[in-house]
Amino acid sequence: MEFGHSPKATALLERLQAFMDAHVYPSERLYHEQVAADRWGHPAILEELKAKAKAAGLWNLFLPESEHGAGLTNVEYAPLCEVMGRVHFSSQVFNCSAPDTGNMETLIRYGTEAQKTRWLPGLLDGTIRSAFAMTEPEVASSDATNIASTIRRDGDDYVINGRKWWISGMGEDSCKVMIFLGRSGDDATPKHQRHSMILVPRDAKGITVLRPLTVFGYDDAPHGHMDIVFDNVRVPAENMLLGEGRGFEIAQGRLGPGRIHHCMRLIGLAERALELMCRRVKKRVAFGRTLGEQSVTLERIAESRILIDQARLLTLKAAWMMDTVGNKAAKAEIGMIKVAAPNMACRVIDWAIQAHGAAGLSEDFILANYYAHARKLRFADGPDEVHRNQIGRIELAKYA
């Protein structure tokens, strides 16, 4: 396995780090001030940063083997994604944020020419955003075969009914389309062919946003995680992706990259938390010594470094396998890092909070927000338990 940065990735990484230093880090406070002033508006600084990133050629870096992006492999993209993860909103600056990344890849891989023509230009240009509607409140959505919202054919249309929640991105006024996973087959249909994915315009009649959901009190505005009702939402039949009953087939192609991108960003988030912890303990004095001189702190710093580097290596291994043998063959490694990275980040951020004292719990520092984000990702794209069960079954199969 070769994890060294290619010349192309090295050059992009240097430019990305310089851009973060010059533009993103200095804008963090202003971004949060603008969001606080208008929770569900659009922070002006974000558009300014996006324009600068686009002009600098740091745009759509996530897209592999595509004329629309940088054409990086997963291994090449990993260090770039990690740097973006150091600031929670910065992946948006470079048009590399979820769920848009997964939705763009889905359209590129599975969309018809008409679907691509309608939605891809705006997404690739960053002028519109999107959402992915899967999780439901009435069923255990960790088993996606439970998804009960319906997609029924009616002449030249499909009619959609159901309730979805934790639909990230629907708080954005620029969110114009979502990919909806629903049940299109009956009980006689094979289990993994009962569901389909379909494109639903945000302005379709019958869509009602009930409320924004919060994570430990954070509403993640203006992105948001929405609770939504679909009441006889009618969309043209040509909005169906790939064909009826192929929802799980699309999901397997979509979720692998999305899961590992989350992990890449979490490593950057954990690195930032460790940096904040180290800076804090070097200047805070208790019982006659700086916190950094006390053994419990030194142990936590050391353990944080070990945990972060372990997660990075496992992420790179999963990325390398995705590049060389494909997402399906790498499913165990993708599952392992999807468990390991959020748990690692939660641990490191928690220690950073502790090093800051009660201030670490406040909004004077970013750590509480970081913890809420990392904890959320133990559920996103499948909870820990589902991935552990899959990893366990793969391991047991070696001894059949």
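What's the total number of residues in region 304-336 that are out of contact with any helix residue (DSSP H, G or I) (no Cβ under 8 Å at 6 or more places or on another chain) and either among the basic types (Lys, Arg) or part of a helix (DSSP H, G or I) (or both)? Residues meeting the conditions: 4. Of all residues in region 27-80, exactly one satisfies the criterion of being within 21 Å of LEU316 (Cα to Cα) and out of contact with any helix residue (DSSP H, G or I) (no Cβ under 9 Å at 6 or more places or on another chain), namely GLU65. Residue by residue through region 67-117, note down the ones that are in contact with a Gly (Cβ under 9 Å, 6 or more places away or on another chain) and charged (D, E, K, R). Matches in region 67-117: GLU82, ARG86, ASP100, GLU105, ARG109.
Report whether or not GLU363 is in a loop (DSSP other than H, G, I, E, B), at negative phi, acidic (Asp, Glu) and free of Cβ contacts under 8 Å to residues at least 60 places away in the same chain. Yes: the conditions hold for GLU363. Inside region 272-312, residues that are surrounded by fewer than 13 Cβ atoms within 10 Å (Cβ to Cβ) and among the aliphatic types (A, V, I, L, M) make up a count of 5. Within the set GLY171, GLY224, GLY256, GLY245, the sole residue that is in contact with a helix residue (DSSP H, G or I) (Cβ under 6 Å, 6 or more places away or on another chain) and either within 18 Å of ASN103 (Cβ to Cβ) or among the charged types (D, E, K, R) (or both) turns out to be GLY256.
Could you list all residues from region 112-133 that are among the basic types (Lys, Arg) and surrounded by fewer than 23 Cβ atoms within 10 Å (Cβ to Cβ)?
LYS116, ARG118
Figure legend. Inter-residue proximity from region 184-210: first residues farther than 13 Å from VAL235 by Cβ and without any contact (Cβ under 8 Å) to a residue 24 or more places away in the chain, second residues aliphatic (A, V, I, L, M) and surrounded by 14 or more Cβ atoms within 10 Å (Cβ to Cβ), beta-carbon distance below 6 Å, spacing 6+ or different chains. Indicated pairs: THR208/VAL229. Can you pull out every residue in region 1-27 that is at pLDDT below 95 and of a type outside the set (A, V, I, L, M, F, W, C)? Those that are at pLDDT below 95 and of a type outside the set (A, V, I, L, M, F, W, C): GLU2, GLY4, HIS5, SER6, PRO7, LYS8.
I'd like to check something: does region 297-312 contain any residue that is in contact with a strand residue (DSSP E or B) (Cβ under 8 Å, 6 or more places away or on another chain), without any contact (Cβ under 8 Å) to a residue 24 or more places away in the chain and among the charged types (D, E, K, R)? No - not one qualifying residue is present in region 297-312. When region 62-98 is filtered for residues that are among the aliphatic types (A, V, I, L, M) and either part of a helix (DSSP H, G or I) or modelled with pLDDT of 95 or more (or both), the ones remaining, listed by number, are VAL75, ALA78, LEU80, VAL83, MET84, VAL87, VAL93. Across region 264-292, the number of residues qualifying as over 16 Å from GLN354 (Cβ atoms), in a helix (DSSP H, G or I) and over 24 Å from the mean Cα position of the chain (by Cα) comes to 0.
The values are calculated or read from the model by the stated rules, or taken from the named source; none is laboratory data. Since the structure is predicted, the reported quantities are computational estimates derived from the model, not experimental observations. FYI the Cβ positions are ideal-geometry reconstructions off the backbone, even for glycines, and counts take in every protein chain you see.
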